[in-house]
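The values are calculated or read from the model by the stated rules, or taken from the named source; none is laboratory data. Fair warning: this is a prediction, and the values are worked out from it, not measured in the lab. For neighbour counting, all protein chains shown are included, and Cβ atoms are generated from backbone atoms with ideal geometry for every residue, glycine included. Surface areas here come from the heavy atoms of the whole protein model, side chains and all, with no ligands, DNA or RNA. Shrake-Rupley method; radii C 1.70, N 1.55, O 1.52, S 1.80 Å.
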Amino acid sequence: MNHKVIIIGAGISGLALAIFLKKTGIECAVYENFPYKRVAGSSFRINKSGVHVMKELGIEDQVQENSHSADRMRILTTDDIEIASINLMQNSVFSRRSIYMQRSDLVEILMRQAELVGVEIHYNKKLTYFTQDASNITAYFEDGHQETGTLLVGADGLHSTVRNQLFPSHVLSYAKSWALYGIASFKDMNSDPIRQLMEGNELFYFTQNANFLASKSHPTHELNLSWQASGHQERKRSKEEFDFRNLDEIKSDLIQQYGEHGALSEIIQNSVQIIPKQIYCVEPIPSWSKGRAVVIGDAAHTINPNTGYGCSVALEDAMYLALMLQKHHYADALYYLEADRKERIRAIQSSLDIFDVSKGFDFSSGFDIGLFSGSKIDADYTIHWETEHQ
Ligand SMILES: Cc1cc2nc3c(=O)[nH]c(=O)nc-3n(C[C@H](O)[C@H](O)[C@H](O)COP(=O)(O)OP(=O)(O)OC[C@H]3O[C@@H](n4cnc5c(N)ncnc54)[C@H](O)[C@@H]3O)c2cc1C
């Protein structure tokens, strides 16, 4: 079947899907709401399944040059007392390791690769709605442009327009947690934990009602100390109390919480940007597709950032959809995407029931390694391009 795939969203899953579709010879184009703008401060962990997808995308070398892969995580109290030092059991092969990197670096690498393989990316194109019949689907954009194809993929993130049209009653709801994303330079910091960070370890501070993870996010950028803090909060804070706080106000809130001394305080004081986010999620939707419209990534299944899996599963979705479209009639491809991937998504989402770092921990009676066990996530999950074709 000759496809023309309309991809909504030039984020992680949309760009990855376009590159894979080009690889399979399927015609596609990407439509993105905003012009591209680099956003400093946003960083995330990508698990080894996601890094393996990057290898299949042909961007492994660029990713290796622009990311950091720690061998060890040190768990500390806010007074910098070490509770545990965990060997992250990283593989020696880069595509089998988990990494930490800045979102903008990954988006730029994906954009360059998409251009290289001839993907058209149209910016300033905001999807407003779509219509479909037995043989076609048409996307309508805010500027009056319309585009007809055989399949429409909503890779349009948390606030997905495609999902909202497919399932209008599935609205976002507050997930009872908040997150802060910060970035700093190592310059002028020299305590022992900071030296550990510079040498490549990750630092994890558990407190009673929040956690704080700091990692290198790039080997050479001047601003390459990235951190995320997150905590549990039953009732959403008002925008004045949280979303609208400026850098100095957020720093002073954190210092009040964690104290003025120690590495944590040093990192906070030296941060040049801190992005506050209250976490929202959507209840599982009844189906990832209807007719010729399908959603992938955050649009299909919101993943709480505390799991550290959002970007990895978005990459996995993109690769798996391209594989299925190459092998099957589109209706089967959409069926297999959901049927084969749903269990993995459920395992990742439910991992927070067992180990929700946003709730913090009380280590007064010692550190229990059992906290880390019990998850049903398959740590060796890998999608192989070649074997899937045999
Ligand atoms: C600016 C930004 C910063 C982020 N920062 C972090 C972070 O610090 N840590 C973290 O863990 N996760 C972060 N995320 C989320 C993370 O990137 C995603 O969870 C993950 O990568 C899943 O990717 P995705 O492709 O499903 O969605 P995304 O990567 O979010 O991409 C969705 C894309 O669709 C576009 N779009 C949305 N609606 C429309 C429309 N109607 N028409 C056209 N285009 C549309 C958006 O502009 C966006 O480019 C961030 C996302 C964004 C957009």
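Mind telling me which of the residues Ser271, Ser265, Ser289 ends up being open to solvent by less than 10 Å² (accessible area, probe 1.4 Å), away from the ligand (no atom under 12 Å from the Cβ) and at pLDDT 95 or above?
Ser271
Determine, yes or no, whether Asp80 is away from the ligand (no atom under 15 Å from the Cβ) and either among the basic types (Lys, Arg) or at positive phi (or both).
yes
Determine if the range 169-181 includes at least one residue that is open to solvent by 20 Å² or more (accessible area, probe 1.4 Å), under 18 Å from Leu15 (Cα atoms) and not hydrophobic (A, V, I, L, M, F, W, C).
Taking the range 169-181 as the starting set, the residues that turn out to be open to solvent by 20 Å² or more (accessible area, probe 1.4 Å) are 169-176, 181.
Next, from what is left, pick out any that are under 18 Å from Leu15 (Cα atoms): none.
Taking every residue of the range 169-181 in turn, none turns out to be open to solvent by 20 Å² or more (accessible area, probe 1.4 Å), under 18 Å from Leu15 (Cα atoms) and not hydrophobic (A, V, I, L, M, F, W, C).
Is there any pair linking a residue in the range 131-149 that is surrounded by 13 or more Cβ atoms within 10 Å (Cβ to Cβ) to one that is of a type in the set (D, E, K, R) and not in a loop (DSSP other than H, G, I, E, B), with Cβ under 8 Å and at least six apart or on different chains, and which?
Thr138/Glu147; Ala139/Glu147; Phe141/Glu147; Thr148/Lys4; Gly149/Lys4
Restricting attention to the range 44-55, which residues are open to solvent by 10 Å² or more (accessible area, probe 1.4 Å), outside any loop (DSSP other than H, G, I, E, B) and within 13 Å of the ligand (Cβ to nearest atom)?
Phe44, Arg45 - these are the residues of the range 44-55 that are open to solvent by 10 Å² or more (accessible area, probe 1.4 Å), outside any loop (DSSP other than H, G, I, E, B) and within 13 Å of the ligand (Cβ to nearest atom).
Mind checking which pairs have a first residue in the range 19-46 that is at positive phi and a second that is of a type in the set (A, V, I, L, M, F, W, C), Cβ under 6 Å, 6 or more apart or different chains?
As it stands, the answer is Gly41/Ile183; Gly41/Ile275, since those pairs meet every condition given.
Give the residues of the range 145-160 that are of a type outside the set (A, V, I, L, M), under 19 Å from Ile303 (Cβ atoms) and either more than 8 Å from the ligand (Cβ to nearest atom) or out of contact with any helix residue (DSSP H, G or I) (no Cβ under 7 Å at 6 or more places or on another chain) (or both), sorted by residue number.
Passing the criteria: Gly154, His159.
Any residue in the range 91-105 that is closer than 22 Å to Ile377 by Cβ, more than 11 Å from the ligand (Cβ to nearest atom), small (Gly, Ala, Ser) and part of a loop (DSSP other than H, G, I, E, B)?
Scanning the range 91-105 turns up at least one residue that is closer than 22 Å to Ile377 by Cβ, more than 11 Å from the ligand (Cβ to nearest atom), small (Gly, Ala, Ser) and part of a loop (DSSP other than H, G, I, E, B).
Considering only residues that are within 6 Å of the ligand (Cβ to nearest atom) and over 12 Å from Ala155 (Cα atoms), look in the range 9-42 and name the one that is surrounded by the most Cβ atoms within 10 Å (Cβ to Cβ).
Here the residue is Ser42.
Here's a check for you: in the range 161-187, which residue that is of a type in the set (Val, Ile, Thr) and closer than 30 Å to Ala139 by Cα is farthest from the ligand (Cβ to nearest atom)?
Start the filter on the range 161-187 by keeping residues that are of a type in the set (Val, Ile, Thr), which leaves 161-162, 171, 183.
Going one step further and asking which of them are closer than 30 Å to Ala139 by Cα, we end up with 161-162, 171.
Numbers: Thr161: 4, Val162: 8, Val171: 15 Å.
For the range 161-187, the residue satisfying everything is Val171.
From (1) free of Cβ contacts under 8 Å to residues at least 60 places away in the same chain; (2) near the ligand (Cβ under 9 Å from one of its atoms), pick out the condition that doesn't hold for Gln62.
Only one criterion in (1) free of Cβ contacts under 8 Å to residues at least 60 places away in the same chain; (2) near the ligand (Cβ under 9 Å from one of its atoms) is unmet by Gln62, namely (2).
Can you pull out the residues in the range 57-97 that are open to solvent by 50 Å² or more (accessible area, probe 1.4 Å) and closer than 22 Å to Ala114 by Cβ?
Asp61, Gln62, Gln64, Glu65
Which residue out of Asn124, Asn190 is surrounded by fewer than 16 Cβ atoms within 10 Å (Cβ to Cβ), modelled with pLDDT under 95, more than 9 Å from the ligand (Cβ to nearest atom) and not in a helix (DSSP H, G or I)?
Asn190
Looking at Ile7, Ile86 in this structure, which one is within 24 Å of Ala179 (Cα to Cα) and in a strand (DSSP E or B)?
After ruling out the rest, the residue left standing is Ile86.
Of all residues in the range 353-390 being part of a helix (DSSP H, G or I) and at pLDDT 65 or above, which is nearest to Lys290 (Cα to Cα)?
Among them, the one singled out is Trp385.
Go through Glu115, Glu142 for me and flag whichever is charged (D, E, K, R) and away from the ligand (no atom under 13 Å from the Cβ).
Glu115
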